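Trainee: Handing you this structure, nothing more for now.
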Amino acid sequence: MCGIVGAVAQRDVAEILLEGLRRLEYRGYDSAGLAVIQGKTLARIRRVGKVKNLTDAINENPVIGGTGIAHTRWATHGEPSERNAHPHLSNENIAVVHNGIIENYKELKNELSKEGYAFTSETDTEVLTHLIHKLQNETKDLLSAVQKATKIVTGAYGTAVIDSNNSDQMIVARSGSPLVIGLGIGEHFVASDQLALLPVTSRFIYLEEGDVARLTRKTVEIFDKNGQPVDRKINLVDAKSDSADKGEYRHYMMKEIFEQPTCVRQTLEGRINTQGVESGIFGNGFEAITGQIKHVTIVACGTSYHAGMVAKYWFEQYAGVSCSVEIASEFRYRKFYVHEGSLFVSISQSGETADTLAALRLAKEQGYLSSLTICNVMGSSLVRESDFNFMTRAGTEIGVASTKAFTTQLVSLLLLVLTLGRHKGLTSDHEKEMVAALMQLPGKIEQALMANDVIETLAEEFADKNHALFLGRGDQYPIAMEGALKLKEISYIHAEAYAAGELKHGPIALIDADMPVIVVAPNNELLEKLHSNVEEVRARGSILYVFADKAAKFESDDTQKVVDVVATEAITAPIVYTVPLQLLSYHVAVIKGTDVDQPRNLAKSVTVE
Ligand code: AGP
C-alpha cells in the first residue's frame with residue numbers, strides 16, 4: 001500500500017524515481033509526488049492521480065539533483081489531493097515519504113501544534129515530518145532524529161527522509177512496512193518493493209523490523225531496533241524473473257491470466273515426480289513434524305482466503321486432516337481455540353498483508369505446532385517470520401486483481417495436502433493419480449484459455465447489469481466466491497456467491513430477469529444436485545451462464561448459455577474452472593471501460609489494517 005522510492009547518487013535521479021513509481025503504481029495510485037535536493041533547496045512536485053500526471057509536470061518543470069525521494073499514494077488519512085500527497089516538508093528542508101499508518105498521530109499533532117508547527121495536510125505523514133524536524137533541531141543529526149522518532153510513533157510504517165542541508169544522505173526506517181535497499185556502485189537506493197529498483201540494481205538488502213539505515217552515495221550503515229550497527233545479508237535478484245512489461249497484452253491482468261500454464265509448471269518444477277510429491281519441498285525439518293499434524297488452521301485475506309477455502313475441502317477429503325479457514329482481520333481480534341497438533345498456514349501473494357502478518361505473529365505466541373506460509377514474494381515479511389515457507393513461483397503479479405497468484409496458491413496447497421495425506425492413509429496409488437492430474441494441469445489451463453473469444457462475446461451481456469450471482473457446490477463454491485470477487489473488483493458490478501444448495505434459504509428471492517446467474521458445474525458427484533438448483537433458478541426467469549464440461553449435460557437455449565470447459569480430474573477442477581471466470585471479469589471490465597489493472601479504491605499490497 002503506497003510505494004516509496006529513494007536515491008542518493010551522483011547523477012540526476014528524477015527519471016529513476018519516476019520509473020520506480022511507475023513500477024510501484026500497482027500499490028497505490030491516488031496521487032504521486034517527488035522531492036529532489038536541487039542545489040541547497042528541495043524541489044517538490046506532487047500531482048493527484050496517476051504517475052503519468054506527475055511525469056507530465058516534471059517534463060514541464062524538470063528537477064535536477066542526485067538525492068531524492070518519491071511516493072505513490074493509497075489514501076489512508078485525508079482524501080487524495082495534492083496537499084495530502086507525499087513528500088511532506090518541514091521547514092522547507094526536511095522531506096519525508098511514508099507508507100503505513102502512524103497510530104498516535106493525533107496526540108503528536110496536538111503537541112507539535114502547541115510548539116508552533118503548522119499543518120498543511122490531513123495526513124499522519126506530515127506529523128512524522130515535523131516530529132523529525134523537531135528532533136533534528138535537538139540532536140543536530142538526521143539519523144539520531146529518525147531513530148528517536150521511531151521510538152515515539154506507534155503503528156506500522158516504512159519511511160525515507162532527506163534534508164536539503166545535507167545532500168549526500170538519506171535516512172530510511174522500517175517498522176511493519178517493507179523496505180529494501182538497492183546497492184549500486186557509488187549510488188544507493190531504497191524502495192518499498194525491489195521491483196521498483198530492478199532497472200538500476202540487482203543487489204538488495206531487506207531491512208528487518210525496527211531497522212534504521214543511513215545511505216550515502218558511498219556507504220550504507222544499518223542499525224537494529226536497539227540502535228546497534230548490524231550487517232544484513234546482500235541478496236542477488238534475477239531481474240529477468242521480474243518482468244514489469246505488458247508485452248503484447250493490453251493489460252497486465254490479461255498477461256497474467258495467460259501466464260498461468262507457465263506459472264503452474266514453475267510451481268510444480270522439481271516438486272513432483274511420476275510417483276508422487278518430492279520429499280523436502282516444504283523445507284528442512286518439515287517432514288519431521290508432519291506425523292504430529294492433526295489440524296491445519298489457514299488464515300488469509302481476499303483471494304488468498306478463497307484459496308484456503310478450497311484447500312479445506314481437499315485437506316478433509318484427501319488428507320484426512322481437519323482444517324479451519326479464517327479471514328485474517330477476524331482471526332487476529334478474537335479468542336480462538338488452538339487444536340492440539342495444529343499447523344498454522346498463512347497464504348499471501350504479497351507476503352506483506354498487515355492482517356495476515358498480525359495473525360501469524362499472534363499465532364506464534366499461542367502454541368501452534370509450527371507455521372508455514374504459502375507466498376509469492378521471496379524475502380517478504382510472512383516468509384521471513386514463518387517457520388517454513390513454500391514459494392508459489394508465479395512471478396511478479398502487477399494487476400491488482402489476483403489471478404496467477406491464486407491458481408499457483410491452489411497448486412501449492414495441493415502439494416501440501418498430498419504431503420500430509422501420506423501420513424494419514426492416502427495410498428501411494430491415489431498419490432500417483434493426483435500427481436498425474438497435476439502434470440496435466442498446465443495443458444488443461446491452456447485448453448480452458450481457448451474459450452477466451454467465446455467469453456469475450458458473452459461478456460457483452462453483463463456490461464449493463466448491476467448485479468450478478470455466482471453459484472457452485474463443494475470445492476467449486478469458493479471458486480464461485482473468487483469469480484464474484486473478481487467481477488466486483490474490476491467491473492464494479494455487485495456480485496455475490498452462494499453455495500447452490502443455500503439459494504432456496506433466502507437469496508432465491510433476488511432472482512429475476514435482471515439478475516444473471518453464473519454457475520460453475522464440473523461433472524462431479526454433486527452434479528445432479530446442482531442440476532436441480534439450476535432448474536430452481538430457471539423457473540424464476542433468470543438468465544443462466546453455465547461453465548461446464550460436455551459430460552455435465554447442460555445445453556444452451558433461450559434462458560441458459562453454456563460455455564464448454566475442458567473435462568478435468570476432480571482434484572484439479574477448481575483450478576481449471578477459475579480461468580473462465582477470470583476471463584469473464586476481465587472482458588466485462590474492458591467493455592465497461594474501467595481501469596482493469598488499477599481498479600478504483602484498491603491497492604495490490606494491503607499493508608494497513
Ligand atoms: C485479489 O484480487 C485482491 N486484490 C485481494 O483480495 C488480495 O487477494 C488480498 O488483499 C490478499 O492479499 P495477499 O494475497 O497479498 O495477502
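Trainee: Would you call Val546 at pLDDT below 85 and either closer than 14 Å to Gln476 by Cα or of a type in the set (A, V, I, L, M, F, W, C) (or both)?
Mentor: Judged against the criteria, Val546 is not a match.
Trainee: Okay, next question. Filter the stretch 310-356 down to the residues that are of a type in the set (Asp, Glu) and surrounded by 21 or more Cβ atoms within 10 Å (Cβ to Cβ), then identify the one that is farthest from Phe390 (Cα to Cα).
Mentor: This residue is Asp355.
Trainee: For the structure I just gave you, tell me whether Gly320 is out of contact with any Phe, Trp or Tyr (no Cβ under 6 Å at 6 or more places or on another chain), among the small types (Gly, Ala, Ser) and over 20 Å from Gly3 (Cβ atoms).
Mentor: yes
Trainee: Going by the structure shown, is Glu502 free of Cβ contacts under 8 Å to residues at least 24 places away in the same chain and either touching a helix residue (DSSP H, G or I) at 6+ places or on another chain (Cβ under 6 Å) or not in a loop (DSSP other than H, G, I, E, B) (or both)?
Mentor: Against the criterion (free of Cβ contacts under 8 Å to residues at least 24 places away in the same chain and either touching a helix residue (DSSP H, G or I) at 6+ places or on another chain (Cβ under 6 Å) or not in a loop (DSSP other than H, G, I, E, B) (or both)), Glu502 qualifies.
Trainee: Same structure, new question: Considering (1) of a type outside the set (S, T, N, Q); (2) touching a residue at least 40 places away in the same chain (Cβ under 8 Å); (3) under 29 Å from Asn273 (Cα atoms), say which one His339 fails and leave the rest.
Mentor: (3)
Table: residues versus (1) away from the ligand (no atom under 16 Å from the Cβ); (2) in contact with a strand residue (DSSP E or B) (Cβ under 6 Å, 6 or more places away or on another chain); (3) not acidic (Asp, Glu).
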{"position": "Asn284", "(1), (2), (3)": "yes, no, yes"}
{"position": "Ala288", "(1), (2), (3)": "yes, no, yes"}
{"position": "Lys294", "(1), (2), (3)": "yes, no, yes"}
{"position": "Val310", "(1), (2), (3)": "no, no, yes"}
{"position": "Lys335", "(1), (2), (3)": "yes, no, yes"}
{"position": "Ser348", "(1), (2), (3)": "no, yes, yes"}
{"position": "Glu352", "(1), (2), (3)": "no, no, no"}
{"position": "Asp355", "(1), (2), (3)": "no, no, no"}
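Trainee: Using beta carbons and a limit of 6 Å, which pairs, at least six apart or on different chains, have the first residue in the stretch 482-498 and closer than 17 Å to Val576 by Cα and the second one of a type outside the set (Phe, Trp, Tyr) and not in a helix (DSSP H, G or I)?
Mentor: Close Cβ pairs (under 6 Å, with a partner that is of a type outside the set (Phe, Trp, Tyr) and not in a helix (DSSP H, G or I)) amount to Ala484/Ala495; Ala484/Glu496; Ala484/Ala497; Lys486/Ala401.
Trainee: Taking the residues in the stretch 357-389 that are of a type in the set (Lys, Arg) and in contact with a helix residue (DSSP H, G or I) (Cβ under 8 Å, 6 or more places away or on another chain) as candidates, determine which candidate is surrounded by the most Cβ atoms within 10 Å (Cβ to Cβ).
Mentor: Lys364
Trainee: Residue under question is Ala95, and the condition is that it be in contact with a Gly (Cβ under 9 Å, 6 or more places away or on another chain) and either surrounded by fewer than 20 Cβ atoms within 10 Å (Cβ to Cβ) or at pLDDT 95 or above (or both); does it hold?
Mentor: So Ala95 passes the test.
Trainee: Limited to the stretch 381-391, what total is found for residues that are within 11 Å of the ligand (Cβ to nearest atom) and either of a type outside the set (A, V, I, L, M, F, W, C) or over 14 Å from the mean Cα position of the chain (by Cα) (or both)?
Mentor: Here the count works out to 1.
Trainee: How many of the residues making up the stretch 505-552 are in a loop (DSSP other than H, G, I, E, B) and hydroxyl-bearing (Ser, Thr, Tyr)?
Mentor: Of the residues in the stretch 505-552, 1 are in a loop (DSSP other than H, G, I, E, B) and hydroxyl-bearing (Ser, Thr, Tyr).
Trainee: Identify the single condition in (1) over 14 Å from the mean Cα position of the chain (by Cα); (2) surrounded by 24 or more Cβ atoms within 10 Å (Cβ to Cβ) that Ala394 does not satisfy, given that it satisfies every other one.
Mentor: The one condition Ala394 does not meet is (1).
Trainee: Condition test on Ala495, is it closer than 21 Å to Gly541 by Cβ and among the small types (Gly, Ala, Ser)?
Mentor: When the stated conditions are applied, Ala495 passes them.
Trainee: Here is a follow-up. I'd like to check which strands (runs of 3 or more DSSP E) are fully inside the stretch 157-262 and have at least 1 residues that are closer than 23 Å to Met391 by Cα.
Mentor: Fully inside the stretch 157-262 and qualifying: 180-183, 188-191, 203-206.
Trainee: List pairs: first in the stretch 536-549 and farther than 24 Å from Glu525 by Cα, second part of a strand (DSSP E or B), Cβ under 6 Å, 6+ apart or cross-chain?
Mentor: Qualifying pairs under 6 Å: Ser542/Val517.
Trainee: Looking at the structure I just gave you, is Gly367 away from the ligand (no atom under 15 Å from the Cβ) and free of Cβ contacts under 8 Å to residues at least 40 places away in the same chain?
Mentor: Yes.
Trainee: Hey, another quick one. When you scan the stretch 8-50, how many residues do you find that are in contact with a helix residue (DSSP H, G or I) (Cβ under 8 Å, 6 or more places away or on another chain), among the basic types (Lys, Arg) and in a loop (DSSP other than H, G, I, E, B)?
Mentor: Total meeting the criteria: 1.
Trainee: Now for a different question. Go through the stretch 471-496 and give me each residue that's away from the ligand (no atom under 14 Å from the Cβ), assigned to a strand (DSSP E or B) and within 17 Å of Val520 (Cα to Cα).
Mentor: Within the stretch 471-496, Leu471, Gly472, Glu496 qualify.
Yes or no, residue by residue, for (1) closer than 16 Å to Thr159 by Cα; (2) more than 30 Å from the chain's Cα centre (by Cα):
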| position | (1), (2) |
| --- | --- |
| Arg73 | yes, no |
| Pro80 | no, no |
| Arg83 | no, no |
| Pro87 | yes, no |
| Asn99 | yes, no |
| Phe119 | no, yes |
| Thr125 | yes, no |
| His130 | yes, yes |
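Trainee: Tell me, yes or no, whether the stretch 391-413 has at least one residue that is of a type in the set (Asp, Glu) and at pLDDT 95 or above.
Mentor: Within the stretch 391-413, not a single residue is of a type in the set (Asp, Glu) and at pLDDT 95 or above.
Trainee: Would you check which residues across the stretch 591-601 are aliphatic (A, V, I, L, M) and away from the ligand (no atom under 15 Å from the Cβ) and list them?
Mentor: Ile591, the sole residue that qualifies.
Yes or no, residue by residue, for (1) assigned to a helix (DSSP H, G or I); (2) away from the ligand (no atom under 15 Å from the Cβ); (3) of a type in the set (Phe, Trp, Tyr):
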site: Val566; (1), (2), (3): no, yes, no
site: Thr572; (1), (2), (3): yes, yes, no
site: Tyr577; (1), (2), (3): yes, yes, yes
site: Gln582; (1), (2), (3): yes, no, no
site: Ala589; (1), (2), (3): yes, no, no
site: Ala603; (1), (2), (3): no, no, no
site: Val606; (1), (2), (3): no, no, no
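Trainee: Ok, one more. Taking the conditions exactly as written (touching a residue at least 40 places away in the same chain (Cβ under 8 Å) and over 29 Å from Glu609 (Cα atoms)), does Gln228 satisfy them or not?
Mentor: The answer is no for Gln228.
The values are calculated or read from the model by the stated rules, or taken from the named source; none is laboratory data. Since the structure is predicted, the reported quantities are computational estimates derived from the model, not experimental observations. FYI the Cβ positions are ideal-geometry reconstructions off the backbone, even for glycines, and counts take in every protein chain you see.
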